[in-house]
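Comments concern the structure below.
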Amino acid sequence: MTTTNTSAGTRLRALFAATALAAAASGAAHAQDTYKIAYIDPLSGPFANVGELMLLHTQYAVDDINARGGLPGGQKMQLLQFDSKLSAQESQSALQAAIDQGARAIVTGGSGSSVVAAILQSVSRWNQRNPGKELLVLNHSSI
């Protein structure tokens with residue numbers, strides 16, 4: 001990896017660790033074998049190269065945390081992957097699939113602001129309807 005990639009991986013690793021710690025401290029983390037993070041970004045179409053690059057950074061951070069013993073208490077992280085297809089509708093379907101698979105945090109951002117806004121709106125509604133099961137959204141590059 002280049003210095004830039006390592007730097008991005010380091011930032012993501014620190015962000016994931018802080019996110020998981022915050023969730024655990026607030027009681028939002030569920031007792032499960034793994035802390036699941038869903039990656040929802042374009043993995044096909046014209047921006048697939050951006051999505052794939054950020055997916056590699058995200059996977060690097062997850063693998064590095066797991067190699068260092070995981071989260072506090074030894075809990076390992078698992079990355080779930082979903083293709084947003086640059087579509088707000090596809091992203092929301094992916095979000096529901098991620099929730100159904102037990103994701104506690106969502107990584108997104110390369111899909112564009114409108115797609116990320118749709119995910120944020122859906123997560124906000126989910127969090128209001130499901131106290132104690134809140135999701136965290138990690139926006140890596142959308143404005």
Quiz item: What is the distance, in nm, between label points placed 7 Å from the Cα along the Cα-to-Cβ direction at Asp33 and at Asp100?
Solution: 2.1
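How long is the gain from Arg68 to Ile143 if the chain were fully straight, where each residue apart is worth 0.36 nm and the alpha carbon distance is subtracted?
Values: separation 75, 0.36 × 75 = 27.00 nm, distance 3.22 nm.
Length gained between Arg68 and Ile143: 23.8 nm.
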Quiz item: Which far-off residues, 5 or more places away or on another chain, put their amide H under 5 Å from the one on Asp41, with H placed in the peptide plane?
Solution: Phe82, Ser84
Practice problem: Arrange the peptides 54-66, 114-126 so that the one whose residues have, on average, the most other Cβ atoms within 10 Å appears first. | Solution: 54-66, 114-126
Practice problem: Report the FRET efficiency, 1/(1 + (r/R0)^6), for Val50 and Arg129, where r is their Cβ-Cβ distance and R0 is 35 Å, rounded to 0.05. | Solution: 0.65
Exercise. Report Lys133's accessible area, 1.4 Å probe, all protein chains in place, as a number in Å² to the nearest 10.
Key: 100
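If you add up the charges near Leu79, with Lys and Arg at +1 and Asp and Glu at -1, over every other residue whose beta carbon is less than 10 angstrom from its beta carbon, what do you get?
That sum, taken over residues with Cβ under 10 Å, equals 0.
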Exercise. Return one whole number: the accessible area per residue of region 26-101 in Å², for a 1.4 Å probe.
Key: 49
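The values are calculated or read from the model by the stated rules, or taken from the named source; none is laboratory data. In this text the structure is predicted, and so the values were computed from the model without any measurement. Cβ: placed from backbone, ideal geometry, glycine included. Neighbour counts: every protein chain shown. To get the accessible areas, we keep the full protein, side chains included, count just its heavy atoms, and leave off ligands, DNA and RNA. Shrake-Rupley method; radii C 1.70, N 1.55, O 1.52, S 1.80 Å.
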